[in-house]
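Quick notes on the structure that follows.
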Amino acid sequence: VTARMTLALLTLALSAAMAHAASGVPPVMSAGYSAPRLFDLANAYVRDGKPGMAVLNYERARLLAPNDPDIRANLSFVRTTSGLRPIAGTWFERQASRFASPNTLFWFGCVGLLIVGASLFLARQYPRRRLALRACTAAGFALMAVTLCNALAIWPMMNEAVVIARATPARVAPISLADSLMPLREGEILTMDAKVRDFTLVHTDSGRTGWVASADIAPVIPRW
Amino acid sequence: MKPLPPRRLHPPLGAIAALLLLTAGVAHAESGVTEQIEPAEIDLGETAQLTIATLDSTQTPVIPPVIPGLEFVAVGQSSQMESINGRTTSKSSVVYEVIPQRAGTFTIPGGSPPLVLRVRSGGASAPPASAGAFSTSPAARSGMVASATQLTQDGSAFVRLRLPKHQLYVGESMPVDIQVGVRDGLVATLSGLPSFGGDSFTLNNLSTKPEQAPEIIGGQPFTVLTWHSALAAVKPGTSSLTIDTPLTVRMQTMRPSAANPSGDPTLDEFFNDPFFQRFFGVVGTTEKEITLASPPTTINVMALPAQSRPEGFSGAVGHFKITSELSAATTTVGDPLTLRMHVSGAGNFDRVRSSMLVTAHDWKTYPPTAIFTATDSTGYHGEKVFKQIAIAKEPGNQTLPALGFSYFDPDSGRYETAQTPPISVAVIRAAASSSAANGRVPNDDEGKASAGRFVTPALRPDYADTGYSVASLVPRYFQPSFLAVPSAMALAFAAAWFWLRRREQAADDNSTARQRATSQATATWLAQMETAAARGDAQDFFSSARSALRQTLAARSHVAPQSIGLEDIDAHIGPDDQEVRQLFARADEATYSGCNAVIGDLEHWKQVVLRQLNERPAQ
């Protein structure tokens, strides 16, 4: 009786989680970030001649809707017109972005975890169906692996920032009077390292390092 | 009198001049010179046209006389040759624009009888294109009224301002021409653009490259530079406007010997001859910075009336008309349309503003954008186009409300509100389509494409907000509240797994204990069976043997050993195990009848019991 009740509860939870994940529609919130809003905001910045803010908002919109062709096209357009390299990304990022957004992939990972646990539990109870349940276990592990890889691929974005000011210099030290190492292009994406007072230590794609005024850059993912 | 410098005549002016020649009202038959002025009566601020024609080109060209209060500006020249029966005649004519500088009756000598021009007063504020005024020059066509030409003390240069009128309203713009004239032969360069002091007016869109034209003033040829601009009144009151223009003048200077006359006219004429002075190097040059100022022009600026000022008046003053258009007459719910409002005319377009549709039932609208296209160099004439995105919310025959625009008409002196007619749109219900296609806002190119042209947009259009949003951009992998979900699931599965393992372990422990007890009991009964066999006690032997078999059979069937008797032994043994049944029967017989068996018989049953125990372990 205990085994049957557990199976029923797990089946109910699994079906609910799968329906939620498949719909991709999280609960509606009154305010916050949305891909259309960020996209429109970025378009407005493009028309206003501010490529840095435009790239920042396109990147944020891409985080919520990575498989949106319009966001990708406009981001490429702004980067090209600003003299920046076109967007690339790893093979896994491209494939995962075709599949679903990171937030949706998170729910797929939860579903995978649920499948793994339930199938292992049931295999113990029903040894005669062990083969089919082991296949379910493998599928659950596959979902969890995709989610985990996506999380690892996204992790560097947590420290990425966009140059939002024109003629931003990277300096040798975190003071305004320090010598300029190199000019940074507006819209260029940097990796943030450390922060000292009003300056942030950043790394460029080419591997160069310098201190930038924190007001001249904006993180792609604002921390909570 | 000096000859007139050659002038190029435009074909239309040449034709007019030829026509005037044919219909000349005043002719000098003796000299072959005819003069005509049209019209003979004008208002102050208008211009007339004087045509002087000579029938023989070999004659000395005639120039207009110098008349105080009148200014003659050459606007064209033409010549015509005819050969009839071997006799060749030539005609040439020069057309002058006569600009009066005051009212009165002027007599232009040279003709027989002399020409008379009557200038009525009060023409300065008259409408610029009044009937009867013969206007051919650009300034005259635009209704410009020139301020008096006031030459410098040496008569070498002047600055003047051309205005269409002298009364303005606050905020109103009007096109103005700023003219700087330099007498031919004077070498001068501009050191800066014309400007004026004071804070009552602003000068907008001053052309950087002035137009250049010749002009005769006081019998002297001048080169006139003309800048076009728009003058805007900033505050009410009567102000005097003076235009300043910096110039660098290069002048020739003579050495003292050449400058001082010798007293002998013959020698003075010889030494003052330019060829002599240049040949012997007695002429030098020097540069001088001067600032030319125009005579003050009085302009009366009136405040806009506060009464009956319409709501939404943005300060536009001028003459405007508006039209509107929609990018499509039929649309789908959720599909955006582009609504355009065209405001065209003349006035201060920088103050032409509109919010278009702010609230419209069943329509979602976005803030409009505006683009101004000037049709002249000063930005006084042109068209401003407002564009607004509108999205229908409900299907059916919808109507976009009329658009209004309020402005102040300086001619009538009152506020006007122009309105466009409402626009009807057929809105059909949206079919199932991709979410990306719904609610997208077209850019300019898409708006044109909907009109039938294919345009590839550089920037893809805006989306309509779907209402879905997230509180944080941080991926859920890294949000503690969301990480609790998989963590709780993992903990639940681990707990369940541990509980299951514990349960199985406990079951294993019970089974082992039972098996051990069964084995011990069986061994005890076997030992007692051995003892009974050695004693020859058949009753005790069969009882012990039955008890040993009962232990094993009970452990296998999970029942109590005492519950297994002869009557239900068949349920615990196979069909081939009749020896067990016989043993249970002999045991009952020995118990209840006390039979005795021989030693050899007991040894046989002992082997049967041992074999059965070996074949049927307890578990």
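Selection of segment A:6-35 for residues being out of contact with any helix residue (DSSP H, G or I) (no Cβ under 8 Å at 6 or more places or on another chain) and either within 8 Å of chain B (Cβ to nearest Cβ) or at pLDDT below 50 (or both) yields A:19, A:22, A:23, A:25, A:27, A:28, A:29, A:30, A:31, A:32.
Hey, among the residues in segment A:46-56 that are assigned to a helix (DSSP H, G or I) and more than 10 Å from every other protein chain (Cβ to nearest Cβ), which one's farthest from the chain's Cα centre (by Cα)?
Filtering segment A:46-56 down to residues assigned to a helix (DSSP H, G or I) leaves A:46-47, A:51-56.
From the residues that got through so far, the ones that are more than 10 Å from every other protein chain (Cβ to nearest Cβ) too are A:51-53, A:55-56.
Values: A:51: 21, A:52: 19, A:53: 18, A:55: 15, A:56: 13 Å.
Looking at the filtered set, the residue picked out is A:51.
Residues that are part of a loop (DSSP other than H, G, I, E, B) and without any contact (Cβ under 8 Å) to a residue 40 or more places away in the chain occur at least once in segment A:178-194. Of the strands (runs of 3 or more DSSP E) contained entirely in segment B:190-236, those carrying at least 1 residues that are of a type in the set (Gly, Ala, Ser) and either over 22 Å from residue B:248 (Cβ atoms) or in contact with a strand residue (DSSP E or B) (Cβ under 6 Å, 6 or more places away or on another chain) (or both) fall at B:211-217, B:220-233.
Across segment B:441-451, not a single residue is classified as in a loop (DSSP other than H, G, I, E, B), under 23 Å from the mean Cα position of the chain (by Cα) and at pLDDT 75 or above.
If you check B:135, B:112, which single one turns out to be modelled with pLDDT of 65 or more and small (Gly, Ala, Ser)? Before the answer, list the steps.
On the way: B:135 fails: modelled with pLDDT of 65 or more.
Step by step, each of B:135, B:112 is checked, and only B:112 is modelled with pLDDT of 65 or more and small (Gly, Ala, Ser).
Within segment B:226-246, the set of residues being out of contact with any Ser or Thr (no Cβ under 6 Å at 6 or more places or on another chain), crowded, with 16+ Cβ neighbours inside 10 Å and farther than 16 Å from residue B:175 by Cα comprises B:245 only.
Of all residues in segment B:367-396, which are of a type in the set (Lys, Arg) and either surrounded by 19 or more Cβ atoms within 10 Å (Cβ to Cβ) or touching a helix residue (DSSP H, G or I) at 6+ places or on another chain (Cβ under 6 Å) (or both)?
Selection gives B:384 alone.
Only residues that are more than 22 Å from the chain's Cα centre (by Cα) and surrounded by 13 or more Cβ atoms within 10 Å (Cβ to Cβ) were counted in segment B:397-416, giving 11. Considering segment A:57-93, the residues that are surrounded by 14 or more Cβ atoms within 10 Å (Cβ to Cβ) and more than 12 Å from chain B (Cβ to nearest Cβ) include one that is modelled with the lowest pLDDT, namely A:93.
The residues of segment B:339-364 that are under 15 Å from residue B:420 (Cβ atoms), of a type in the set (S, T, N, Q) and touching a Ser or Thr at 6+ places or on another chain (Cβ under 9 Å), listed by number, are B:344, B:354.
Of all residues in segment B:321-339, those that are basic (Lys, Arg) have Cβ atoms under 7 Å from Cβ atoms of residues that are surrounded by fewer than 19 Cβ atoms within 10 Å (Cβ to Cβ), 6 or more apart or on another chain, in B:321/B:344; B:321/B:418.
Counting only helices (runs of 4 or more DSSP H) that sit completely within segment B:528-616, those holding 3 or more residues that are surrounded by 12 or more Cβ atoms within 10 Å (Cβ to Cβ) and touching a residue at least 60 places away in the same chain (Cβ under 8 Å) correspond to B:538-557, B:599-615.
Going through B:50, B:55, B:70 one at a time, which residue ends up being more than 11 Å from residue B:94 (Cβ to Cβ) and either within 52 Å of the chain's Cα centre (by Cα) or at pLDDT below 70 (or both)? Walk me through it before giving the result.
Numbers: B:50 fails: more than 11 Å from residue B:94 (Cβ to Cβ); B:55 fails: either within 52 Å of the chain's Cα centre (by Cα) or at pLDDT below 70 (or both).
Matching residue, one of B:50, B:55, B:70: B:70.
Filtering segment B:494-506 for residues that are exposed (fewer than 12 other Cβ atoms within 10 Å of the Cβ), within 30 Å of residue B:366 (Cα to Cα) and within 11 Å of chain A (Cβ to nearest Cβ) leaves an empty set. Of the residues in segment A:205-212, at least one is under 18 Å from residue A:79 (Cβ atoms) and either modelled with pLDDT of 90 or more or away from chain B (no Cβ under 14 Å) (or both). Out of the residues in segment B:460-485 that are within 7 Å of another protein chain (Cβ to nearest Cβ) and either at positive phi or assigned to a helix (DSSP H, G or I) (or both), which is surrounded by the fewest Cβ atoms within 10 Å (Cβ to Cβ)? Per the criteria, the residue is B:467.
Within segment A:151-164, is even one residue within 12 Å of chain B (Cβ to nearest Cβ), hydrophobic (A, V, I, L, M, F, W, C) and loosely packed, with under 13 Cβ neighbours inside 10 Å? Scanning segment A:151-164, I find at least one residue that is within 12 Å of chain B (Cβ to nearest Cβ), hydrophobic (A, V, I, L, M, F, W, C) and loosely packed, with under 13 Cβ neighbours inside 10 Å, so the answer is yes. In segment B:330-363, of all residues being at positive phi and in a loop (DSSP other than H, G, I, E, B), the one that is surrounded by the most Cβ atoms within 10 Å (Cβ to Cβ) corresponds to B:356. Take the conditions (1) at the interface with chain B (Cβ under 10 Å from one of its Cβ atoms); (2) among the aliphatic types (A, V, I, L, M); (3) more than 30 Å from residue A:201 (Cα to Cα); residue A:139 misses just one of them, which is (1). Scanning segment B:177-205 for residues that are closer than 27 Å to residue B:100 by Cα, without any contact (Cβ under 8 Å) to a residue 60 or more places away in the chain and surrounded by 15 or more Cβ atoms within 10 Å (Cβ to Cβ) yields B:177, B:179, B:181, B:183, B:194, B:196, B:203. Within segment A:116-133, if we keep just the residues that are among the small types (Gly, Ala, Ser) and crowded, with 16+ Cβ neighbours inside 10 Å, the residue that is nearest to the other protein chains (Cβ to nearest Cβ) turns out to be A:117.
The values are calculated or read from the model by the stated rules, or taken from the named source; none is laboratory data. The structure presented is a predicted model; accordingly, all values stated were derived computationally and were not measured. So basically every Cβ, Gly included, is an ideal-geometry build from the backbone, and we count neighbours across all protein chains shown.
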